[in-house]
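Reviewing the structure listed below.
The values are calculated or read from the model by the stated rules, or taken from the named source; none is laboratory data. Values in this document were obtained by computation on a predicted structure and should not be read as measured data. We place every Cβ from the backbone using ideal geometry, glycine too, and count neighbours over all the protein chains shown. What goes into the accessible areas is simple: the full protein's heavy atoms, side chains included, and nothing from ligands, DNA or RNA. Shrake-Rupley method; radii C 1.70, N 1.55, O 1.52, S 1.80 Å.
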Amino acid sequence: MQLSKEKVLAQANAACKNTLMETLNIEVVDYGDDFLVARMPVTSRVHQPDGVLHGGATAALAESVGSFASHVFIDTEKFFVRGIEITANHIKSVKAGFVYAKATFLHKGKTTQLLDIRVTDEADNLISICKLSTIALPKKNS
């Protein structure tokens with residue numbers, strides 16, 4: 001039995017409790033067959049000292065949405081996901097509002113996954129382009 005979209009989103013957001021994602025107020029807002037979208041508010045909590053979105057917060061958003069995407073599409077009873085490399089090219093700055101990160105798969109292998117993550121603002125301006133490599137590792141039976 002496949003879970004509804006609402007149920008998957010609720011479970012993803014519940015998993016964020018007491019984590020960096022909760023600290024940054026990252027919320028998973030949509031997903032489909034080959035993508036996942038999360039958003040993060042741009043407030044002073046994620047600013048650089050000069051009042052614009054910190055690139056590290058953007059990278060944390062990108063890694064979170066990419067890892068969630070990989071997690072959604074694997075058998076979590078048998079495997080867990082870890083990020084193994086992330087790159088981020090920051091194109092435009094943002095001072096307020098929300099940024100949205102959409103992760104799509106470039107490669108969805110059994111062991112490794114490669115995701116393209118586009119971070120945009122509320123007006124759909126491109127803020128950052130990120131690439132994330134993840135790995136699915138078998139859970140040990142203990």
Checklist line | 5 Å-binned pair-distance histogram of the chain (Cα, whole percent) | finding: 2, 11, 20, 22, 21, 13, 7, 3, 1, 0
Check: Using alpha-carbon positions, what is the distance between the centroids of the range 44-82 and the range 115-134, in Å?
Finding: 11
Notebook entry, point to check: When only the heavy atoms of the protein chains count and the probe is 1.4 Å, how do Asp33, Asp50 rank by accessible area, highest first?
Noted result: Asp33, Asp50
Checklist line | Inter-label distance for Lys95 and Lys7, nm, one decimal - labels placed 7 Å from Cα along Cα-to-Cβ | finding: 4.5
Next item on the list: Can you find, among Ala12, Thr112, Ser70, the residue farthest towards the positive end of the dipole of the chain? Put +1 on the C-beta of Lys and Arg, -1 on that of Asp and Glu.
Entry: Thr112
Next item on the list: State the dimensionless ratio Rg/Rh of the range 12-76 (Rg: radius of gyration of Cα atoms; Rh: Kirkwood radius).
Entry: 1.01
Checklist line | Where the range 36-142 is the region considered: accessible area per residue in Å², 1.4 Å probe | finding: 54
Note to self: Compute, for the chain, the length of the dipole vector about the Cα centre, with Cβ point charges of +1 (Lys, Arg) and -1 (Asp, Glu) only. Units Debye, rounded to 20.
What the structure shows: 380
Check: Under unit Cβ charges (Lys, Arg +1; Asp, Glu -1), what dipole magnitude, rounded to 20 debye, does the range 68-113 have relative to its Cα centre?
Finding: 180
